[in-house]
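Shown next, in structure tokens, is the structure this report addresses.
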Amino acid sequence: MDCINAKYVSQKISKTRWRPVSASSLQQPELLATGSWDNEDNKVSIWSVGENGGSNMEDEFEEIPVTVASVFFFGFFFNLFQFLDQDRLVTASSSGAVTIYNLKSESQTLSVLHTWEGAHHYQCARAPCTAVVCSSPELVSVGEDGRVVLYKADQSRIVRTIENADSSTIHAVTFLRTAEVLTVNSIGQLKLWDLRQGNEPAQILTLTGDRVPLHCVDKHPNQQHIVATGGQDGMLCIWDVRQGSVPFSLMEAHSAEMWEVHFHPSNPDHLFTCSEDGSLLHWETSSGSDTPSFLQGRNSSMMSRSATAPAGGNQSLISAWLSGDSSKGRLETTHMLPSQTLSVNSLDVLGQCLVCGTDGEAVYIHRRVLV
Amino acid sequence: MEEVDVEPTTTLIPGVGLKQKHLGFEWGPGDILVYETNFRPAGAGSGCPSVHVVRKDEDIYSPILRKLFNESHHIFVGLQNITEDVPSKNKKPQFVSISKNYRSVIRACMEELQHVAVSTQDVTLVCQYSNQVSILLATELIWNLCEVLFIDAAPAGCLLLHLLDWVRLHKADVDEKAKEVLQSDSPTNHLAYWDVVISFILQGRVDEARHVLTKQASVQAASRTLYQLMDTLLHKMPVFNPSGTQTLTEFDMKWRHWHEECDRCLQDKSFASNPHLETICKILLGDEDAMLEHKELLGTWYHFLVSRLLFSHPTVKPAELHYYAKSSMDMFLDSRSVPEPLDSILLAAFEFDLHQVIKDCSIALNNWWFVAHLTDLLDHCKLLQSHNLHFGSNLREFLVLEYASGLVSHHSLWQLAVDYFDHCPEFGRVYLELQLERVPLETERKALKVLRICEQRHMTEQVRSICKIMAKRALSNNRLGSALSWSIRAKDAGFATLISERFLQDYCTRGSFSDLDLIDNLGPAMLLSDRLTFLGKYREFHRLYGENKFTEAGKLLLSLMTAKIAPRSFWMTLLTDALPLLEQKEVIFSADQTHELMFCLEELTSDNTEPKPEPPALGEDVETAKLELLRLALARNLAMAIVKEGTVEA
Amino acid sequence: MFVARSIAADHKDLIHDVSYDFHGRRMATCSSDQSVKVWDKSDSGEWHCTASWKTHSGSVWRVTWAHPEFGQVLASCSFDRTAAVWEEIVGESNDKQRGLSHWIKRTTLVDSRTSVTDVKFAPKHMGLVLATCSADGVVRIYEAPDVMNLSQWSLQHEISCKLSCSCISWNPSSSRAHPPMISVGSDDNNVTYSGKVQIYEYNENTRKYAKAETLMTVTDPVHDIAFAPNLGRSFHVLAIATKDVRIFKLVPLRRDSTTSSGPTKFEVQLLAQFDSHNSQVWRVSWNITSTLLASSGDDGCVRLWKANYMDNWKCTGILRGDGSPVNGSSVQGLALNTPGSSGAPTPQNSVAGAASAGRYEAQLILRMADFIER
């Protein structure tokens, strides 16, 4: 807890992302972007974070002075964004527009490269975009209108739209591999889309008959068939999209909506989740063998673990990842935030650095995540 | 003591009142709309009127103060939870530390405001910032005093030490001046030199005063002994040490001894040659006139009070404070000047009249953040119940509700208000219900957040209403699937029926279902309404048919009619759907089943009151032809079934 | 308080009513120019007119929104002796993307033979129910039995009040202990000595509205009337605009077993009475939680009234046009954050001197207004 920094930023945070660092370098990320929501002037802000990689716990992070402030402001109700690469940022707004920005960190400006206005819309009105995902140069957005829209960063035309991809709201999307995306919706389904194929999903996976909405999805960085999702009931699900249409394992994680789930990009035995209940969890599977622990069990099992552990609890709850034939696999969860109050809407982890943003208008940065 | 009376504030609406007599208005969530009008029935009209949006306050829109609201929310929630897990005794240190947390948040906020005020060019903004700083400053001043007197409730001896800290914290300009003096080329010749020395003495900062005095001693070789004497006096001045073993009586003895020594020095005119030192000596003796000569250094009557206590009554007891406070105020203020609200508030605090403090603060400050949090803390310290019986905790709830109502009307801070309402036992719940359903639902995500708050508190009516609004909106955007999902969540059978009908209508016109992903996965939710059940089952029929499971499909189709699940208007469609099954090579419907189908058809055709089920695009001829075809197919199937059944039995 | 923005309403004549929708994201204005305009608040907080149409053939007195559960529905009433119900429809065109919306008339209620002076939707738990009142002294209650088909409205009740009616207010309580209740105010000048406020209550057995109470003490013309949100209390609070502002508390008396079929009887208490508008008061209205009452009167001011924790009512704020003649209390300065001429620090010394809680801190405190909410 002691190496976590909090900063109050006077805006509710909808999204937090580290700017990617080049794959070859082992440096820690230095730039951070946050998006706000529910304000009259919502914006994306870029922050610089202390230089010396967390050696000094007093590291403050400061907002970069904005030279072209106007481009940061969206005037839309809810902002989401992703980094396309180091220099480009894609935003998606509740008015259904998707925009690519060029981020020049030297001059500290953000300039519009291209906007797709009204990419998401109803019959006669604009529809909120709910998620956007990038796999340079391609990007895909989804929305409350049930559309899946594919763009290419260097083409001004929309590459492809799947109308009626979903009868309900699509809440999240992730690339599995090139031209293959996975969406999750508000009736508890995962749909696998091959963007080269027709307008029907290649596969539909369903949670159970309970139709519990799914809010987030992330794929294992090395094994694309392993996918984690988080739902309205705060449950974490691990899926093997090659095997069957039911989840591989289910774990009680949070007591309210899970807004984001992320595998650690370089150490996927670690996983992070955040929730409306105001908690941020670090999940660690420690496997006895070389095979990734997510593959060790074959039985679905429920692990009872209260996410409402006492605030400030440093204690780790240790339990076997799956109780079935694998006795080696173990799963450990840790509360990352000192106390729970308002919703943690977004998190991002890169190297040892973790960032999350809350409805309590605080951004928390952890510079020494043990992975 | 009479209430501080404040006139209502008037807000002027620009450009209004020239043409028309009246102001119309309309309440909004966080504002009030006003417009020029004439309510008299025969009032003359005029064009181009405007509607003005009047907001209740400005501070809630300040980004810096938002940090105060968010951080203090955190502390507030922590405080509410304390009560449960700690035994009621021994909580004082916790309450003091919470009080300090609140104050440090105020301080942080104040510093940031000062910082931006300095770097801002805009004069009105600077004004706004500096006003906010002054408000926070006064807030902290009062809070700190309440902390010393009520929450910490220090006994005699310690009390003065705390009061000294209080005065030092709020009269910190001495340090700046001292720095300026000491860093100048010739400190002793600096105009403010003696001001600094006396200010230090008045605040009881003896060591610092001695340090500054040494400068003078080093240049004025002639009067070195004089300075030596003063230095000794100051050095010997006893200070109560609460952690030491010394008792209060021992301290008092020592102090009296020292006091006599000072008195001797004054009597034998030791300092007569140096008026400055003589003044200091008088101050050390608690000479009020000498102190009052330095009014501008004291600044306020309460500084005077503390200095006076320091040099005359260092072992003052809490109960005696009010006497000294009142007399200090009277001595310090001109007879003609009326005490300001802040004076009255502080005086009330010194008189230990908590209710007066809170009442006056809420009237004079109009600052719900401050009074709500302070009162809540004092209530937790059980300080409100002990006296005044009629409105102890009511007062707390009243103030917390006011504060939370301000928050909830803000487009973004509404989430913070929830925890405050939760901790208002009497009206918190009703207020929350009334306010939450008014939160605009711009996106589904926001709706989900509001729903979560309602569901956690079992506000079933609000949950239903929000889902219904979302369903209605989805329907108007032609998103049938979403609309159905929302009405299932709202458990709104009527609306689910309506949407199911829309689905069936679409099927009739297009010949195919939309939103299969949803309809195929209804599960138990299907049971919400009969029509929805029918929709789900009918779709199941199509699936079975598509999978060539004809027997099961046929059985299901028939049961839809015989069990009266299908609406009568849809029977014709179902019978038409039976046609291909009837014309299969193998017999799908048994003789009994065929009889039942025929019965259904007859029931349908004999009932002329039913409106024509088919869309009008199909003419009357087509209709009759279809009927004939059905009758024929049924008869043929019956024959085949009888033959087949007879064969098997034989 | 301060004026955050002004919107040029662009009506060609007097505005008679402005109405916020349930969430405060839309508003409707109506005018003597016979039109209604609908305004939408953009995400950035600006207001745009998205529809404007001629609604009546006379001055439009009032416009009001139905609960959003029933969709986007407005009702208006007019001097032309009618009331009308309007619904926003999503058309095939791209109007909405261009920032325009379509409203169509679902019904015209033509039962009144005189000017329809007020129109109000009933609380949502009663369904989609609308009440009108008119100068001919009749309160009419209509219902749309099928909430998906707003073109069918049936006249359910006609209550004859025998006095020209000016205003109505539904009791918002959804408690089962409280049957549906509507209060009616009259501005009849011809009858001087009768009570001008009547309260009608629905009787489950007779399925009719019956008079439960007449406030005999209110004999001057009544221009507006407003029930406060109930807050789960057993009693009701009613504000009345007449020659002054009055707040009444209506405490239902325990029903006598013999008269249980009759309407509820109330003990009527006068909670507060303010005459600072000097003459006629024209409008009264409660905020969402009924902690504040606003009133507008002949003095050209809107006054805000608030009860403290001891239930003492006080005026806490005044809104006034800057061109209106000053009478009564003096004008106190435009915004609280504008420095006054005396005693106020200049910005410079205020910042520098902030650390020194000087004498003027006490003066500043006078101007410490509105930290959170007035």
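The values are calculated or read from the model by the stated rules, or taken from the named source; none is laboratory data. Remember, it's a predicted structure, so these values are computed and weren't measured experimentally. Every residue, glycine among them, receives a Cβ derived from its backbone with ideal geometry; neighbour counts consider all protein chains shown.
Across the range B:498-518, the number of residues qualifying as within 8 Å of another protein chain (Cβ to nearest Cβ) and part of a helix (DSSP H, G or I) comes to 4.
For the range B:565-588, what are the residues that are among the aliphatic types (A, V, I, L, M) and part of a loop (DSSP other than H, G, I, E, B)?
Initially, the range B:565-588 is screened for residues among the aliphatic types (A, V, I, L, M), giving B:565-566, B:572, B:574-575, B:578-579, B:581-582, B:587-588.
Passing the criteria: B:I565, B:A566, B:V587, B:I588.
Taking the conditions (1) over 25 Å from A:L207 (Cα atoms); (2) crowded, with 22+ Cβ neighbours inside 10 Å in turn, B:R445 satisfies each one other than (1).
The set of residues in the range B:341-380 being outside any helix (DSSP H, G or I) and surrounded by 21 or more Cβ atoms within 10 Å (Cβ to Cβ) consists of B:L365, B:N366, B:N367.
Of the listed requirements (1) buried (at least 22 other Cβ atoms within 10 Å of the Cβ); (2) not in a strand (DSSP E or B), C:H125 misses just one: (1).
Restricted to strands (runs of 3 or more DSSP E) entirely inside the range A:330-371, those with at least 3 residues that are buried (at least 22 other Cβ atoms within 10 Å of the Cβ) and out of contact with any Leu (no Cβ under 8 Å at 6 or more places or on another chain) are A:344-350. Filtering the range B:246-255 to residues that are without any contact (Cβ under 8 Å) to a residue 40 or more places away in the chain, part of a helix (DSSP H, G or I) and either under 15 Å from B:I283 (Cα atoms) or within 50 Å of the chain's Cα centre (by Cα) (or both) leaves only B:T249. On the stretch given as the range B:96-123, residues that are within 16 Å of B:I64 (Cβ to Cβ) and part of a helix (DSSP H, G or I) total 16.
Please tell me if B:C424 is more than 9 Å from chain C (Cβ to nearest Cβ), touching a helix residue (DSSP H, G or I) at 6+ places or on another chain (Cβ under 9 Å) and not in a helix (DSSP H, G or I). Taking the combined requirement at face value, the residue satisfies it. Would you mention how many residues in the range B:473-497 are in contact with a Gly (Cβ under 9 Å, 6 or more places away or on another chain), buried (at least 21 other Cβ atoms within 10 Å of the Cβ) and not in a loop (DSSP other than H, G, I, E, B)? Here the count works out to 6. The residue of the range A:214-242 that is surrounded by the most Cβ atoms within 10 Å (Cβ to Cβ), among those that are β-branched (V, I, T) and more than 15 Å from the chain's Cα centre (by Cα), is A:I238. All told, A:C274 falls short of being assigned to a strand (DSSP E or B) and either β-branched (V, I, T) or without any contact (Cβ under 8 Å) to a residue 40 or more places away in the chain (or both).
Just the residues that are more than 9 Å from chain A (Cβ to nearest Cβ) and touching a helix residue (DSSP H, G or I) at 6+ places or on another chain (Cβ under 7 Å), please, taken from the range B:458-482. B:M459, B:Q462, B:V463, B:S465, B:I466, B:C467, B:K468, B:I469, B:M470, B:A471, B:K472, B:L475, listed by residue number.
With C:S112, C:S101 as the choices, which residue is within 14 Å of chain A (Cβ to nearest Cβ) and either closer than 30 Å to B:T443 by Cβ or surrounded by 20 or more Cβ atoms within 10 Å (Cβ to Cβ) (or both)?
On the way: C:S112 fails: within 14 Å of chain A (Cβ to nearest Cβ).
After ruling out the rest, the residue left standing is C:S101.
Here the condition is being in contact with an Asp or Glu (Cβ under 7 Å, 6 or more places away or on another chain) and assigned to a helix (DSSP H, G or I); of B:L149, B:L213, B:L169, B:L161, it holds for B:L213 alone.
Among the residues of the range A:166-219, which ones are more than 18 Å from A:F248 (Cα to Cα), assigned to a loop (DSSP other than H, G, I, E, B) and at the interface with chain B (Cβ under 9 Å from one of its Cβ atoms)? Those that are more than 18 Å from A:F248 (Cα to Cα), assigned to a loop (DSSP other than H, G, I, E, B) and at the interface with chain B (Cβ under 9 Å from one of its Cβ atoms): A:D166, A:S167, A:S168, A:T169, A:S186, A:I187, A:P201. Selection over the range B:267-321 of residues that are under 23 Å from B:D152 (Cα atoms) and among the hydroxyl-bearing types (S, T, Y) gives a count of 3.
Among all positions in the range B:213-236, there is at least one residue which is buried (at least 17 other Cβ atoms within 10 Å of the Cβ), within 19 Å of B:P314 (Cβ to Cβ) and over 48 Å from the mean Cα position of the chain (by Cα). Picking from residues in the range C:196-213 that are over 20 Å from the mean Cα position of the chain (by Cα) and buried (at least 17 other Cβ atoms within 10 Å of the Cβ), the one that is farthest from C:T117 (Cα to Cα) is C:N203.
For (1) more than 30 Å from C:V302 (Cβ to Cβ); (2) more than 13 Å from chain C (Cβ to nearest Cβ); (3) at pLDDT 90 or above; (4) touching a strand residue (DSSP E or B) at 6+ places or on another chain (Cβ under 9 Å), each residue gets a yes or a no:
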| site | (1), (2), (3), (4) |
| --- | --- |
| B:V53 | no, no, yes, yes |
| B:K56 | no, no, no, yes |
| B:P63 | no, yes, no, no |
| B:N70 | yes, yes, yes, yes |
| B:V77 | yes, yes, yes, no |
| B:E84 | yes, yes, no, no |
| B:N90 | yes, yes, no, no |
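Given the condition hydrophobic (A, V, I, L, M, F, W, C), at pLDDT 90 or above and under 26 Å from B:L191 (Cα atoms), answer yes or no: does some residue in the range B:247-269 qualify? For the range B:247-269, residues hydrophobic (A, V, I, L, M, F, W, C), at pLDDT 90 or above and under 26 Å from B:L191 (Cα atoms): absent.
If you filter the range B:589-634 down to residues that are at pLDDT 80 or above and assigned to a loop (DSSP other than H, G, I, E, B), you find that the one that is farthest from B:C508 (Cα to Cα) is B:S590. Out of the residues in the range B:433-445 that are assigned to a helix (DSSP H, G or I) and within 7 Å of another protein chain (Cβ to nearest Cβ), which is farthest from the chain's Cα centre (by Cα)? The selected residue is B:E444.
Which is assigned to a loop (DSSP other than H, G, I, E, B) and under 20 Å from the mean Cα position of the chain (by Cα), of C:P221, C:P263, C:P179?
One residue alone meets the criteria, C:P221.
Does at least one position in the range B:73-87 carry a residue that is outside any helix (DSSP H, G or I) and closer than 19 Å to B:Q415 by Cβ? Within the range B:73-87 (the criterion being outside any helix (DSSP H, G or I) and closer than 19 Å to B:Q415 by Cβ), the answer is no, since none of the residues qualifies.
Would you check which residues across the range C:217-241 are out of contact with any Ser or Thr (no Cβ under 8 Å at 6 or more places or on another chain), surrounded by fewer than 24 Cβ atoms within 10 Å (Cβ to Cβ) and within 23 Å of C:S164 (Cβ to Cβ) and list them?
Across the range C:217-241, the qualifying residue is only C:T217.
Quickly run through the range C:274-307 and pick out the residues that are of a type in the set (D, E, K, R) and out of contact with any strand residue (DSSP E or B) (no Cβ under 6 Å at 6 or more places or on another chain). So that I can check it myself, show each step before the final result.
Pass one, the range C:274-307, residues of a type in the set (D, E, K, R): C:275, C:283, C:298-299, C:303, C:306.
Correct list: C:D275, C:D298, C:D299.
Kindly establish whether C:D136 is in contact with a Lys or Arg (Cβ under 6 Å, 6 or more places away or on another chain), in contact (Cβ under 8 Å) with a residue 24 or more places away in the chain and either part of a strand (DSSP E or B) or among the aliphatic types (A, V, I, L, M) (or both). Judged against the criteria, C:D136 is not a match.
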